[in-house]
Amino acid sequence: MIVRLKLADYLEMVRHARAYAPLEDCGLLGGTVADGAKTVERVFYLTNVDKSAEHFSLDPREQFAAVKELRAQGWQLLGNWHSHPATPSRPSEEDKRLAYDSTASYLILSLAGGEPVLNSFHVSREKEVTKEDLRIR
């Protein structure tokens, strides 16, 4: 699967995650699916109610409001994103365990090592992880 993300959205995700560090930042992705590609139209920034540097849980009220807004725009829920303040951009064992939607894209933004790294992943029902083709434009 190809996942398209606007450069401005990527830069804002990095800014937001750095400001939220050392806690994991998180949110949802809304947009469209066509011709084998997901196009992110909006990045939603939600509160990590766990307030943890090692895991996250989305605020349920904010999650509901974001889904309501993206549906009002005629978009689909494409997946979610979260930051790894001190670990690489790959799903942790907990990330895989909690990946309940096999149609979702899971974007992980690593802030470890100085330069941010963003990757998109698909997690199958069997918890097999595949890196997706993330294109920042």
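Those strands (runs of 3 or more DSSP E) of the stretch 91-135 in which 3 or more residues are surrounded by 11 or more Cβ atoms within 10 Å (Cβ to Cβ) occupy 105-110, 117-123.
Annotation: of all residues in the stretch 35-76 being β-branched (Val, Ile, Thr) and in a loop (DSSP other than H, G, I, E, B), the one that is surrounded by the fewest Cβ atoms within 10 Å (Cβ to Cβ) is Val49.
Remark: pairs (first residue in the stretch 1-26, over 19 Å from Glu54 (Cα atoms); second residue β-branched (Val, Ile, Thr); Cβ separation under 6 Å; 6+ apart in sequence or on different chains) = Arg4/Thr39; Leu5/Val40; Leu5/Ile136; Leu7/Ile136; Asp9/Val43; Tyr10/Ile136.
The combined condition, being small (Gly, Ala, Ser) and modelled with pLDDT under 95, is fulfilled by Ser102.
When the criteria are applied in full, Glu62 fails the requirement of being acidic (Asp, Glu), touching a strand residue (DSSP E or B) at 6+ places or on another chain (Cβ under 7 Å) and closer than 20 Å to Met1 by Cβ.
If I filter the stretch 77-84 for residues that are crowded, with 19+ Cβ neighbours inside 10 Å, not in a strand (DSSP E or B) and not acidic (Asp, Glu), do I get at least one hit? There is no residue in the stretch 77-84 that is crowded, with 19+ Cβ neighbours inside 10 Å, not in a strand (DSSP E or B) and not acidic (Asp, Glu).
Residues in the stretch 17-34 that are within 11 Å of Ser83 (Cβ to Cβ) and either touching a Lys or Arg at 6+ places or on another chain (Cβ under 7 Å) or surrounded by fewer than 17 Cβ atoms within 10 Å (Cβ to Cβ) (or both): Arg18, Ala19, Ala21, Pro22, Leu23.
The values are calculated or read from the model by the stated rules, or taken from the named source; none is laboratory data. Computed from a predicted structure; not experimentally measured. A quick note on method: Cβ atoms are made from the backbone with ideal geometry, for glycine too, and the neighbour counts reach across all protein chains shown.
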